[in-house]
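The values are calculated or read from the model by the stated rules, or taken from the named source; none is laboratory data. Quick caveat, the model's predicted, so the values are computed rather than measured. Cβ placement follows ideal geometry from the backbone for every residue including glycine, while neighbour counts extend to all protein chains displayed. Remember, those area values only see protein heavy atoms, side chains included, never the ligands or the DNA or RNA. Shrake-Rupley method; radii C 1.70, N 1.55, O 1.52, S 1.80 Å.
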Amino acid sequence: MKKSIVICAGLCVALAFTSCKSNESMYKKAYEKAKANEAAVVVEESPVVETPVVTPMVETPVTKTTVVANTDNVSVRTEDLSVISGAALKNYSVVVGSFGLKANAEGLASKLANAGYNARIAYNSARNMYRVVASSYDSKADAVNSRDQLRSQYPDAWLLFQK
C-alpha cells in the first residue's frame, strides 16, 4: 500500500512539472508579432513638423509700489503697571524685557540708558513681573516703528497698552 502511494505521488509530481513547461517557440512567435506591429505603427505615423508662432515680447516699465504698514493689525498687550523707575508711561510702550527679579530689570534698563534710550522699569503686580520699557509713545504707529527698530537687538520686543 505504501509503495503504491509513493508511486502515485511521484507520478503526479512528474506530470505537474512536465505540463507547466514553457514552450520557447510560443515566446518567439509572440515577439515576432509584436515587432511586426511596431514596424507597422512606425510606417503609418510620419512626423509632421509645424513651426510654432511666437508673439514678440513687448517690454513694459515696472511700476514702483510702496508698501504702507498697517499698524491697526499689530497686536498689543494690555496690562496694569506701576512705574518703579524712570519717567511716566504714555499710552503705548515698547517692552524689551520681562524679569522676575528687579536686579535683572535694572541691569537691562541701565544698558538701554547707555545706548541712549529713555528706559523705564514698570511692575505688574498681577503677574509679579518687572517690565523694562525702552520707549513710550502716545500714538500706536510711533510705538510700532520703535518696536521694529528695537527688534534687531531685542527680537522679543512687544507693545504694551497702559490701562
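Computed values, structure above
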{"read-out": "Residue within segment 102-120 that is outside any helix (DSSP H, G or I), in contact with a helix residue (DSSP H, G or I) (Cβ under 9 Å, 6 or more places away or on another chain) and open to solvent by 60 Å² or more (accessible area, probe 1.4 Å) present", "value": "yes"}
{"read-out": "Subset of segment 146-163 (residues that are in a helix (DSSP H, G or I) and open to solvent by 30 Å² or more (accessible area, probe 1.4 Å))", "value": "ASP148, GLN149"}
{"read-out": "Pairs, first in a loop (DSSP other than H, G, I, E, B) in segment 53-69, second open to solvent by less than 100 Å² (accessible area, probe 1.4 Å) and at pLDDT below 70, C-beta under 9 Å, six or more apart", "value": "none"}
{"read-out": "Condition met for VAL133 (open to solvent by less than 70 Å² (accessible area, probe 1.4 Å), at pLDDT 95 or above, more than 28 Å from the chain's Cα centre (by Cα) and not small (Gly, Ala, Ser))", "value": "yes"}
{"read-out": "Flag if LEU101 is touching a Ser or Thr at 6+ places or on another chain (Cβ under 7 Å) and modelled with pLDDT of 80 or more", "value": "no"}
{"read-out": "Selection from segment 77-98 of residues that are part of a loop (DSSP other than H, G, I, E, B), touching a residue at least 60 places away in the same chain (Cβ under 8 Å) and open to solvent by less than 50 Å² (accessible area, probe 1.4 Å)", "value": "LEU81, LEU89"}
{"read-out": "Unique residue being of a type in the set (Gly, Ala, Ser), exposed (fewer than 14 other Cβ atoms within 10 Å of the Cβ), under 20 Å from ASN91 (Cβ atoms) and out of contact with any Lys or Arg (no Cβ under 6 Å at 6 or more places or on another chain) when the list is ALA126, ALA143", "value": "ALA126"}
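Conditions (1) hydrophobic (A, V, I, L, M, F, W, C); (2) free of Cβ contacts under 8 Å to residues at least 12 places away in the same chain; (3) out of contact with any Asp or Glu (no Cβ under 9 Å at 6 or more places or on another chain), marked per residue:
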residue	(1), (2), (3)
ALA122	yes, no, no
ASN128	no, no, yes
SER139	no, no, yes
LEU150	yes, no, yes
ASP156	no, no, yes
